[in-house]
Each structure stands twice: as C-alpha cells, then as structure tokens.
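Bear in mind that the values in this text are calculations on the coordinates, not laboratory data. This structure is a prediction, so every number in the text was calculated from the model and none was measured. With ideal geometry, Cβ positions are generated from the backbone for all residues, glycine too; neighbour counts draw on all protein chains shown.
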Amino acid sequence: MPIIRKLSSLHKEHKHTVVRGSQSIIISLFRLSIILGICYVILSPLFGIISNTFKSQSDVYNPLVYLIPETFTLDNLRHAFRHMNYVTTLITTLVYTLSITFLQVLVTGMVGYGFARFRIPGREILFALVILTIVLPVQTYMVPLFMQFRFFNFFGNEINLINTFAPITLLTATGMGLRSGLYIYIFRQFFRGLPKEIEEAALIDGAGSIKTYFRVMLPNAMPAIITVITFSFVWQYNDTFYAALFMSNMDFLSTRLTALGFAYIAAENVRDPGFVQLVVNAGIVLMLVPILTLYAGLQRYFVEGIERSGIVG
C-alpha cells in the first residue's frame, strides 16, 4: 500500500508538471504571436519601402511581385542620389544637426540640473511652464515666432534673421529649441536620481557649482546624455517644420526628400506616379542610413538612459 500511494503521488506530481509545462508553452507561444504581430505592423511599411527601392519599373504593375523584386535594380537609388544632391546635402545636414544637438545637450543639461538640485523661488511654476512647452504644439504660436525673427529688434535696429541659422540657434541657446522641454525633463529626472553625496564630496574638496556640474555630475549622466543626443539628433535630422519656417532657402535632407518627387518629375519628365514613388522610397532609404547607423551604435546607452530617466509610454 505505501508503494501504491507513492506511485500515485508521483503520477499526480508528474501530471501537474506536464500541465504547468504545457501552460507555460502556450503562454509563451501566445506572447510570441503578439510580439510578431506588433513587429509586423510596425516593420511592414519599412519592408515595403526597401522592396520598392530595388524594384524596376516593370515590377510596379506586375501582380506577381510583392516584396521580392523580379528585376533587381539600383536605378532608383541613383536617381534619388542625384536629385537630392546627396553628398553635399548630407554634409550640410550633419554639420547643422550635430551643432544644434551639441548646443541643445549643453543647455538643457544645465537647466535640468538646476531644476533638480537648486531650490529657487517659483521653481515648480517654472518647471510647469517647461512641461507646457512639451504639450503645446509649436504650430499654435508659429506666426508670432516667425514675425519675431523676421523683424528682430537688435538694440533698436530691425534685422531680418529669416533664412539664416540664427533663429533656431537662438531658440536652442535659450532652452526653447525643438523638443527642449522634453530634454530638460529627462535631465531633471536623471539628476534627481543621483545621490547627493557626490556633490557634497565635491563641495568639500572646494569645487564650486559649475565645476561640480562639469567635472562630477555630467560624467555620471552619460546615459541621459546619450538619450538626449539620440532624440535631438533624430528630431533635428528629420525636422521639416523649423527648416521650412526659418530656413526655406537652405538644403537639408528632410526638405530635399519632401521635394524629391517634384524634382524627379521635372528633370526626367516622368508622369507615372508609381515610378515616382520608387524614387521617393529610394530617397527615404538614403535618409534612413545615418539614423540607423547612429541608433545601432548607441542603442545600449539609449535604452539605459530611458529606463533611468523614468520615461514611459
């Protein structure tokens, strides 16, 4: 009898193990199917763009061709490369984007550190105004913003700053650049999470506030810096709003891509929208290459910075 009870107990335990294992497998398969479904929804347009980049004109209206081109060609890339003046425009875009990104990280880092560590009168109200810049669309005040720089008052002299780098540079330097409110929030949350003992040790050693920030706090904020660099670079690189509002006569990849279809139609005398779309997709791929290269190199730091800054959603 004891042997029979022991065998029965082992049988029930084995049965429960099998059931738990089966449930775990079913749950894992369900999660995998959900993840694959979401990935397909997000990545399928990108796959379509890449596929169209290498399709020939004969593949456009071929019902048998979906993602894999029947006739592989690089003509679309050549047309996009030429009409976007890619090398010169890329260099101009990178110089502009990197300069603004550096200035934005420098300014928003100091502002975020000030909100995190210094107790000044009205600090919460000022930070609420920073949050307001995140949620308030810039389109709501674009007209007065344009007029401000179109008739800029410089010590009593009226200066036209439109079609120069001055408007976006001044906005960025004063903490009002593209998405600067979000970057201030990221730095504030990150610096609030650092122990105050680091600053106290620096102050005991005789370091002032500025030296403490640049020599102690900023090196420890590298995840936040990488996060802001990535965000700022991508948004400045893709920006068409400020580029069209303040620098309409300057060539950036984003504005070149916007006008690529019209440039191709005018230069090649093409009227078929399907053929034009192939070249536009090739231009999108050319524009994506620097962004994907940056993200591939900074992905680990980017994810760490997002986690430590407390951004969700």
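Data table
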read-out	value
Chain lengthening between Leu74 and Leu94 when straightened (0.36 nm per residue, less Cα-Cα)	4.7 nm
Pairwise label distance in nanometres, Gln23 with Asn153, each label 7 Å out on the Cα-Cβ vector	7.2
Identified option (computed log10 I(q)/I(0) by the Debye sum over Cα atoms at q = 0.08, 0.11, 0.14, 0.16 Å⁻¹; candidates (1) -0.50, -0.81, -1.14, -1.32; (2) -0.57, -0.89, -1.17, -1.32; (3) -0.42, -0.70, -1.05, -1.30)	(2)
Ordering of 190-197, 234-241, 68-75 by packing [mean C-beta count within 10 Å, highest first]	234-241, 190-197, 68-75
Cβ-Cβ FRET estimate between Phe146 and Leu288, R0 fixed at 45 Å, reported to 0.05	0.90
Student exercise, the stretch 75-309 dipole from Lys, Arg, Asp, Glu Cβ charges, in Debye to nearest 20	260
Exposure proxy order (Cβ contacts within 10 Å, fewest to most) of Asp59, Asp251	Asp251, Asp59
Å³ per residue enclosed by the Cα convex hull of the stretch 12-158	336
Kirkwood Rh, Cα atoms: Rg over Rh of the stretch 72-179	1.12
Within a Gaussian network of the chain (alpha carbon springs, distance under 10 Å), most fluctuating of Val105, Val135, Val276	Val135
Charge-dipole axis of the chain as Lys and Arg at +1 and Asp and Glu at -1 on Cβ define it, positive-most pick from Leu253, Ser180, Ile284	Ser180
Under the span-like rule (Cα at least 27 Å along the axis, Kyte-Doolittle mean at least 0.5), DSSP H helices of the chain	2-53, 86-117, 273-309
Alpha-carbon centroid distance for the pair the stretch 263-288 / the stretch 71-134, whole angstrom	27
Largest-first ellipsoid semi-axes for the stretch 194-266, taking √(5λ) over the Cα gyration tensor eigenvalues, angstrom	45, 12, 7
Highest average packing first - 22-33, 282-293, Cβ atoms within 10 Å	282-293, 22-33
Sequence of Ser248, Ser209 once ranked by neighbouring C-beta atoms within 10 Å, starting from the fewest	Ser248, Ser209
At R0 = 41 Å, FRET efficiency that the Cβ-Cβ distance of Ile204 and Glu124 yields, to 0.05	0.90
Tyr113, Tyr183, Tyr242, Tyr141 arranged by Cβ crowding within 10 Å, fewest neighbours leading	Tyr141, Tyr242, Tyr113, Tyr183
R0 of 30 Å, Cβ-Cβ distance Tyr66-Glu268: FRET efficiency to nearest 0.05	0.70
Computed label-point distance, nm, for sites Phe241 and Arg82 using a 7 Å Cα→Cβ extension	3.6
Selected from Ala207, Ala263, Ala173 as most flexible by GNM, with the chain as the system and alpha-carbon contacts under 10 Å	Ala207
